[in-house]
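First comes the structure, then the notes that go with it.
The values are calculated or read from the model by the stated rules, or taken from the named source; none is laboratory data. Keep in mind that this is a model prediction, so the values were computed, not measured. Heads up, the Cβs are rebuilt from the backbone with ideal geometry, glycines too, and the neighbour counts pull from every protein chain shown.
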Amino acid sequence: MRVLDAAQMRALDAASVKHSGEIALMRAAGDAIATVIPRYARPGPLVAFAGGGNNGGDAFSALAAADLNMTRTVYGDASHEGSPARIDAISRARASGVRIEPFPSDPAVIEAICRKAGLVIDGLLGVNARVPLDGDMATVVAAIVRSGARVLACDIPTGVDPSTGAISGPAIRAVATITFGAPKLGLYLDPGRAHAGHAYLARVNMNEVDIPPGEPIFFALDDAEFCELLPIRATTADKRSAGAPLVMAGSEQFPGAAILCARGAARAGAGYVTVATTQGAAAPVRLHLIEQVVVTYDESDPERAIQTIVDLGNHCTSLAIGPGLGLSDNMGTIVRGVIERTALPIVADASALFHLSKQLPTLRGKSIVLTPHAREFARLSGKGTVAEPDRVARIRDFVDTYGVTTLLKGRTTLIADVDSTHINPTGSSALATAGTGDVLTGIIATLLSQGLTPLDAARIGAYWHGRAGHTAHDARPVGVIAGDLPDALAEAAKRADHRLPGDRIERLF
């Protein structure tokens with residue numbers, strides 16, 4: 001699905017008003033917010049802070065539609081000014097028994113109101129926000145933040161830039177955010193993502209066909225698209241046609257990387273996994289891999305090693321290369337020789353990225369995915385440390401320069417090819433442990449082996465890997481290790497359905 005910046009969202013909203021009507025859209029937004037409220041409300045009054053625009057109108061509309069057994073108060077301007085939709089929402093709120101009060105002038109009063117509330121609705125600014133906030137708005141937001149109240153944000157938490165996720169000054173830290181029409185870019189990019197809480201999308205009769213053309217173009221998977229794109233093994237499949245990745249990984253020092261990568265590939269659905277590893281790693285790799293074939297090569301004889309691995313590849317349908325390999329000159333020769341001579345689709349990670357850093361122009365036109373983390377990307381790109389606000393620009397510059405599909409790992413993993421940029425919405429700090437990247441490489445290798453393009457294999461692999469992290473964390477709140485992830489993949493795929501029952505609200509993250 002498309003992810004929009006603020007200007008694109010305003011254009012979509014204008015187009016949607018033309019065919020659905022502004023009042024109908026605001027009523028649908030209010031109904032959607034009201035649907036989510038019971039998930040997050042604690043005992044106490046339901047309070048909304050409504051700004052002067054249509055984001056404030058959504059807050060009035062939400063409380064008009066909310067549970068009548070709750071005490072409901074909106075703090076905001078209730079004058080007969082504003083859009084017809086906002087005036088309609090105020091009228092409906094008043095008719096349904098919602099108390100409407102002006103904004104308190106004292107920040108201490110705002111803070112006290114919020115402390116007593118069971119849930120606070122943030123309807124202050126929405127996609128029209130500019131950061132830093134002006135003085136009055138900053139004061140209101142700072143008071144809400146100080147209260148520690150549970151906040152449900154409408155469209156995007158106030159204080160977060162809707163296009164970049166940037167924060168400058170006070171910003172709402174929501175327990176959940178419900179966004180309308182299309183996801184906002186600022187919800188996915190840190191530090192904004194950390195302020196969004198659980199994110200939901202309510203399409204409210206807005207259609208992607210109305211999104212105006214033009215840059216920037218961002219996409220994110222949701223559960224429905226993930227399930228649609230995830231390969232399903234044919235009933236007539238044999239073990240090789242089900243996916244036959246070749247995993248070139250492991251060394252005497254790091255045999256576990258080969259094990260994790262191969263297990264990730266197998267649990268992602270591969271029918272026949274072959275592991276090519278060094279002679280020094282063979283014993284522990286064979287001890288832990290019962291179902292996979294393990295073949296050794298001699299690192300001291302690069303030409304013979306290259307030929308051995310390329311010959312193995314003639315019976316495989318993808319290549320994963322890099323996890324746990326050494327950094328010696330001989331290994332560099334082997335890595336570059338294998339990549340140069342194979343026609344298989346490739347996912348390259350870890351040590352392979354080290355050895356490829358000066359050979360990037362030779363990769364143009366190859367069916368390959370590079371999967372660096374931030375430090376690896378700094379070396380690979382030759383442009384140093386990647387600052388959080390620069391990640392999107394840096395990956396785009398790299399892909400435009402070298403023409404190779406790249407997955408830049410991070411809290412928000414980015415995947416880019418020459419035509420588009422994709423933002424991965426899954427994953428958590430549970431994945432911040434050694435070896436999880438090796439599992440991801442194995443997953444992507446299997447998806448490549450099953451016929452997916454490098455872009456699709458990378459974005460589906462990242463999404464699935466992130467969901468597996470959540471699943472593993474649910475089972476083990478403390479102490480998730482990389483070895484937990486392969487066995488969590490099946491359950492993660494089964495769970496990939498987060499629509500709220502009986503409505504069109506989708507869980508984004």
Search result, residues across region 282-316 that are over 16 Å from Ala258 (Cβ atoms) and β-branched (Val, Ile, Thr): Ile306, Val310
Any chance Ser96 is free of Cβ contacts under 8 Å to residues at least 24 places away in the same chain and farther than 13 Å from Val151 by Cα: no
Top-ranked residue in region 341-362 [being polar (S, T, N, Q) and surrounded by 18 or more Cβ atoms within 10 Å (Cβ to Cβ); ranked as nearest to the chain's Cα centre (by Cα)]: Ser351
Unmet requirement for Ala432, which otherwise passes all of (1) surrounded by 15 or more Cβ atoms within 10 Å (Cβ to Cβ); (2) modelled with pLDDT of 95 or more; (3) closer than 29 Å to Ala199 by Cα: (1)
Test: Ile100 is part of a strand (DSSP E or B), assigned by TED's automatic domain parsing to the domain that holds Leu201 and crowded, with 22+ Cβ neighbours inside 10 Å: no
Selection count, region 73-90, where residues are among the aliphatic types (A, V, I, L, M), under 22 Å from Ser105 (Cα atoms) and out of contact with any strand residue (DSSP E or B) (no Cβ under 6 Å at 6 or more places or on another chain): 1
Of all residues in region 146-172 being farther than 15 Å from Ala48 by Cα and of a type in the set (D, E, K, R), the one that is surrounded by the most Cβ atoms within 10 Å (Cβ to Cβ): Asp161
Enumeration of residues in region 443-465 that are surrounded by fewer than 23 Cβ atoms within 10 Å (Cβ to Cβ) and either at pLDDT below 95 or touching a Pro at 6+ places or on another chain (Cβ under 8 Å) (or both): Gly451, Leu452
Positions within region 212-238 being exposed (fewer than 14 other Cβ atoms within 10 Å of the Cβ) and among the acidic types (Asp, Glu), in sequence order: Glu215, Glu228, Asp238
Elements of type strands (runs of 3 or more DSSP E) contained in region 411-509, each with 3 or more residues being on the phi < 0 side of the Ramachandran plot and not assigned by TED's automatic domain parsing to the domain that holds Ala265: 505-507
